[in-house]
Amino acid sequence: MRRAILRLEDVGPGGPFGTAESLLKLQAIADYLHSENVPFHVSVIPRYINPSIGYDKSIGDDSDPFILSFNRMIKYLQRQGGSIGMHGYTHQYDESISAVGHEFYHPRLPANCPPDDPKEACLNKEDFENSYASSRMRKGLDLFAKAGIMVDWMSTPHYYASPSQRSIIESWSGILFEDHPQKASKTVFLQDNDYPFYRGVVYVPTPLSYLQGPDFDSDIKRICNEAEGYSPDQLAAFYYHPFRELPFIQISQSNGVTSIDYDDNSYLKKLIRGFKAQGFTFMSLLDQLSFVPSLRKTDFFSGSENIVLTGDINNDGKAELIIREESTGNWYGTTFDIQSVLNRHCAGSSTQLLLANWGKEKHLVPLVGDFNGDGFDDVVLWNPVNGNWQVALSHGTQFYPDRGNGDNLWLKHWGIGKQWKPLVGDFDGDGQDDVILWDCQKGEWHVALSNGQGFIPSQQSWINLWGVGRSWTASVGDFNGDGKDDLIIWSRQYGEWRIALSDGRKFTRSNLPSLQSWTQRTDWYPGSQWELLVGDVDGDGLDDLLIVNGARGEWRVARSTGYDFIPLDRTFSPWSAGDDMQPLVGDFNGNGKVSLCARHFQLRNGTIDLAISVLGKREES
């Protein structure tokens, strides 16, 4: 498929769009694009200033009737398939006019030049907070939040900022819809830069540029001719200033009825026809991505001895990090407040003590699950020395060790020895997570079902002679969406995948035709450092697969169809690469999709980086 991306540039609450008539024409543009099945993007300037006439209005002026109309129109554009981005705060400085002036420092500006920020603002928290670039980002995002308009991306006015200001902008937005300042590209570019306040940023370029004039028909021909040479893996992306479309739209009133006459020979319509004639399909920017780098947290439980897990411990629909501090036996929970994909710097986090002096012994194995079915994820400790299982139940803000049958155990003398490998899942679909032990020497899988107060072990293996040998890696997930968790095993050595589906009493083998060659690639050599993770990355209710090479920062996804797995053709890479990287997944922003979490136990005294899933539900072919 040949892909095109359209962005409508410089839309703000003033200037060309400062009247009710111009907003109605903007609506006509959106209706036309919607009728043509063309997703589009709108770069919005949240505050429009024209000092020469004393004009200054922002989308946060909720007592201004025009602003209310403007904001309603922006939300209408979203409903018609528009993705909204922040195009600076005012797109100007001093006496310059919005959409004309520069907002960030440029060394060759003769007048109205914005100030630069020092390099220290990229390194020191106080300098960062007080920097000019941070103030512009913060003010702009605050206006969008006040107006109730969700923004998906950011584009820098005129694509220009000083190196230090660009780093500050990147720390606020993990996705920039613009050309990379040093790398000309026709494809999405993920830059895995490690800065104190962020890790990684995605650049989506616009290599076809825009209609510059004055001969706009020649510009249209130039853009279409350049696009003709684009391959399916390249993005034929361009932007268009919609004020140039306004003369082609005529509005008339007759007997109280508004009529709109939209000239078929407008510049935008010619562009759309030209691209479609070449077989291009217009796409959304977010459809080109799988994940967007988000929040970073440093000084976070450094050292490999501290264990980090994920689970929803407070029943808020979002995953938290659960930390077991081995030296003290203390357990902590870290919550995240991620309001949008774009605004990662304002995403807050907090850590609190959940339980003290419990499970301090090194040989105890911690696992997470909702073992009593109350919606709060709990913790279980398995002791492979004596086969005892202890549970601490979550009450939202604290864990409380449960007394079980009066002996502080939910199960005892079950699973003695290091040959067993424990996993957690709801295998009978009753809403209470169970535990399973896998003996990889014999290929046996023994389940202990939860009754909310203890684990009841099965009398026999739920599946036999399956997953024999230490070359297999196992995980759990509901891959067919029936409410019961299933098993998947993967051989790193041979790239072989096998699945066993649960019917609530046993596991039954199933085939995975699409996955058999997924990891049989020449660059995925036997013995490589890949790890298997499971989670619903696209929000369709089916758990998907992720394999991660931490050293290379490579994240690959295969999405479940309910009967097979289809590998995603794009890789999220490189992101958060490092030899000390531990990959995790969890729905940290509550959008129904698991996000990525990269933990580095050495970097910056312990680091957590998140990347939010923007994958849509898989379309049936």
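FYI, it's all coordinate maths here, none of it is from the lab. Treat the numbers as computed from the prediction; the structure is a model and nothing was measured. Using ideal geometry, Cβ is built from the backbone for each residue, glycine included, and neighbour counts are taken over all protein chains shown.
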Vicinal HN-Hα couplings computed from phi for the range 353-370 (Karplus, 6.51 cos²θ - 1.76 cosθ + 1.60; Hz; Gly/Pro x): 6, 9, 6, 10, 6, 9, x, 7, 5, 5, 7, 6, 10, x, 9, 10, x, 8
Entries in LYS418/LYS484; LYS297/LYS412; LYS75/LYS269; LYS57/LYS297; LYS183/LYS269 that, when Cα-Cα distance is taken, lie over 29 Å: LYS297/LYS412; LYS57/LYS297; LYS183/LYS269
C-alpha center-to-center spacing [the range 575-608, the range 45-95] in angstrom: 36
The range 291-613: relative contact order as a whole-number percent, Cα under 8 Å and 6+ apart: 16
Reachable lysines from LYS270, criterion Cα separation under 16 angstrom, eight or more residues apart if same chain: LYS221
Amide H contacts under 5 Å for ASP370, placed H, 5+ residues apart: ASP378, ASP433
Volume per residue that the Cα convex hull of the range 178-282 spans, once the total is divided by residue count, Å³: 160
HN-Hα J in Hz across the range 72-79 - Karplus 6.51, -1.76, 1.60, θ = phi - 60°, x for Gly and Pro: 4, 5, 4, 5, 5, 4, 4, 5
Isotropic mean projected area of the C-alpha convex hull, the range 537-621 (nm²): 5.6
Percentage relative contact order, the range 3-287, counting C-alpha pairs under 8 Å, at least six apart: 21
Antiparallel %, DSSP beta bridges [both residues in the chain], to 5: 80
Extent along principal axes [Cα atoms of the range 288-403; Å; largest to smallest]: 50, 33, 28
Per-q log10 I(q)/I(0), the range 3-287, q = 0.07, 0.09, 0.13, 0.16 Å⁻¹ (Debye; single scatterer per alpha-carbon; no solvent): -0.26, -0.43, -0.92, -1.36
Rg/Rg_ref, the range 226-355, where Rg_ref = 2.2 N^0.38 Å and atoms are Cα: 1.87
Sequence-distant residues sharing a close amide H with SER294 (under 5 Å, placed H): LEU610, ALA611, ILE612
Angle in degrees between helix 20-35 and the longest Cα principal axis of the chain, rounded to the nearest 10: 50
Cα gyration tensor, the range 36-98 - rounded (a/c under 1.5), prolate or oblate: oblate
Antiparallel DSSP beta bridges within the range 3-287, as percent of all bridges there, nearest 5: 40
Straight-distance crosslink candidates among aspartates and glutamates, where the alpha carbon sits under 14 Å from LYS617 and sequence neighbours closer than 8 are dropped: ASP287, ASP536, ASP538, ASP540, ASP543, ASP544
Cα extents of the range 291-613 along the three principal axes, largest first (Å): 49, 45, 32
Whole-angstrom Cα spans of the chain along principal axes, big to small: 81, 52, 51
With Cα atoms, 0 to 90° folded angle of helix 216-228 axis to the chain main axis: 30
Lys/Arg +1, Asp/Glu -1 at C-beta; the range 291-613 dipole; positive extreme among GLY387, HIS363, THR351: HIS363
Average Cα contact separation per residue, the chain, under 8 Å, 6 or more apart, as relative contact order %: 11
Amide H contacts of PHE507 (H built 1.01 Å from N, under 5 Å, at least 5 apart or other chain): ILE463
Stokes-Einstein D (µm²/s) once Rh is taken as the Kirkwood radius of the range 473-612 over alpha-carbon pairs, at 4 °C in 1.567 mPa s: 83
Counting DSSP beta bridges with both ends in the range 352-476, the antiparallel % (nearest 5): 95
Per-residue HN-Hα couplings for the range 247-253 [Karplus 6.51, -1.76, 1.60; θ = phi - 60°; Hz; x = Gly/Pro]: x, 8, 10, 10, 10, 9, 10
